[in-house]
1. Check Gly269: other-chain or 5+ apart residues with amide H under 5 Å from its amide H, H built from backbone geometry?
2. Report the gain in length on full extension from Arg589 to Ser203: 0.36 nm times residue separation, minus Cα-Cα distance, nm rounded to one decimal.
3. Taking 7 Å along the Cα-to-C-beta vector as the label spot, tell me the Met619-Lys226 distance in nanometres, rounded to one decimal.
4. What residues qualify as long-range amide H neighbours of Phe457, i.e. H under 5 Å apart, gap of 5 or more or another chain, H built at 1.01 Å from N?
5. Counting other Cβ atoms within 10 Å of each Cβ, which chymotrypsin sites (Phe, Trp or Tyr not before Pro) in region 350-395 have at most 16 and sit in a DSSP loop?
6. Label-point separation (nm) for Lys580 and Val257, each offset 7 Å from Cα along Cα-to-Cβ?
7. In nm, give the distance between the simple-model label positions of Asn15 and Val573, each being 7 Å from the Cα along the Cα-to-Cβ direction.
8. Write down Rg/Rh for region 550-593, rounded to two decimals, with Rg from the C-alpha atoms and Rh from the Kirkwood relation over Cα pairs.
Amino acid sequence: MSPRSKIPHTVNNTNQLRSMARRRGIELRTRSQSHKSASEALNSVSSEINGTPGKEYLNRSEPSPKSKVNIPLANPDKPSTDLRPKPKGIIRWIKYLPGRIRNFKDILFPIPTPEELERKEFLKLERKRNKLAIKECRKYGKLISEKLAQLGEREVIGNNTPDKPRKFKKIRFSLFSRDELFTKLILRVDTKPGHLPVYVRLSDLGRREFYSDEMLPTLAHFMEFKSDEAGVFAIVYRHGLDGLPEFVAAEDIWKKVPENKPPLTFPVGYGDNSARFDVDLDDCPHIIVAGATKQGKSNFINQIVCFWLYRGLTPQDLQLILFDLKLGMEFCYYAGLPHLYRDDPEDVRMEKEKLLLDPDKYEPSYIETGIIEDLDGVMPAFLRLRKIMNKRLQQIKHAGYKDFNSYNRAQFAAQKRLPYMVVIIDEWARISLSLGEEPQKLVAHMTNLARAAGIYFILGTQNPNVSVISNRISVNFSTRVVFKCSVGGSLAALSNQMAAGLEEKGRAILQDGGDNIKLQTPRISDGLIKAVVFKAITGKDKKSFSPVDMEEILQYSLDHFDGALDITKIYGVFRDKKVKWEWLFEALRDSEGKEFILSGTSYRIIPAGYHKGRSLERMDMGVVSTEIANSKSQI
């Protein structure tokens, strides 16, 4: 059916026809010159009305050779059928007033962006923390003053007579503060002469550990006194011995890393005073990650790789070679990742054929899948890496540059730039102990020259000893992240015993440039790893995933709910982090009877009973440290 057959019977004027066509998105032919400036009856100018010819068919409108009229329409799928004339004057002003008010409101109060909403939630949390910090500082300040008074740090006023009863002037605090992560509270001692008791020597507070030790039973928290040019401070640690956070979510610390950092930068964790430590792999340029089993070593390596993918590094920017000698179990999430380096299948086939022809003398060199899962593929991968390194060095040298970064900065076309290449070995101890000195010589040789070629190594081991981390290897690995291990492992990895006494899971020592920094590393969940890898492969966000694992949920329950695992309260807290009710229900039920290490202590999940809900029970010495909260809801 043509547009002309849709003309209503009531339309008998060309102006009405043009108005209707504009609303319906119909393109009209231009009126003839004779009817250009006059409104004529529709029967005399239209060639067809409702499918029948007009009275004066010869006087039909012809297209103008000058221009073609296109009548735009906002939404052609829903054209307006209102052919009434537009209102004028005060009626028109009143009709369009609501729309003008809405536009004016949008100008004054624009819709906030997602970044602004996130900033608003952050400020709301900070105000809540500040209010709680003031409340806790007042409580701890009063307890510290009373305890110091009992220890003799006071001034007696009066003779204890009826007219002058005896009073005590105690130490007071003039300033309250906290760190960024709310892990410790800072109370400044009021040192004004009129407020400070006589004969109280503030220098003794910071010099003698006796006062700090006496405060532990009173405050139920570790604390210490410190003095500097700003004054004397009482520092109360809300968590542990050193004020470090007990848990750091990977996604939270990722958002705080500035975007202008170098490409291979990654967060290591939080240290003292909630200071975030970031490391650029290009400055290291090789790292050793060591630690005992289940202390966070593999989780930390996964966090590094996923952060680079989270930043949006493409396969043209970064290429990975992964050595996973646990049959590919540790790096199974990265199968199919386009960032994995792979040789051409034809070259791999030719290398294998040459090996079959001369298995005694020929040394194959190939990387087939990007993830080496057995010992047979280790040496071919190392030999292939050496060829890649030599080829890159020759290319950079012939171009007239001295290192990888200078060469890439001079290439204006992105296609001519060389990608970073990172080699990650999850268990170096098995390679070095099984294959002898040959892989150690290759790695030592490559690490001497690899930085100039844009190749970097990350060695992970859960058995740090002198035979694994030899002098030949350790000389090129100046940066090390060491988790809890034995005394001998700490001496081999750090040349000191700092890693032997780490109390928390995920707590590590960062050795960079001769400094040993104690910090809490971020933890990444399996759901977040899958989501990041899925987006790197497909370019789409994964809709259903849980970035929270059970340890984070149990730690929050221990800190805020006294160990009670009420599913309703937990779901209300973690619902904003995309935690599903069904997943939480199944995870809590499957975890009953299992042990978890929280805050350096072993806990077990007690199933729900007739008079009590599901809860956490402390396992050491058979002592239940948290009250098993009664819950009306039976999970």
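1. Phe277
2. Working: separation 386, 0.36 × 386 = 138.96 nm, distance 5.45 nm.
Between Arg589 and Ser203, full extension yields an extra 133.5 nm.
3. Spacing of the two 7 Å Cα→Cβ label points: 3.5 nm.
4. Those lying under 5 Å, H to H, from Phe457 are Ile287, Val423.
5. Values: sites: Tyr362, Tyr366, Phe382; in loops: Tyr362, Tyr366.
Hits after loop and neighbour filter: Tyr362.
6. 2.9
7. Reported label-point gap for Asn15 and Val573 is 7.2 nm.
8. Result: Rg/Rh = 0.92.
Bear in mind these aren't lab numbers, they're just calculated from the coordinates by the rules spelled out. Not measured: the values here are computed from a predicted model. Cβ atoms come from the backbone with ideal geometry, glycine included; neighbour counts cover every protein chain shown.
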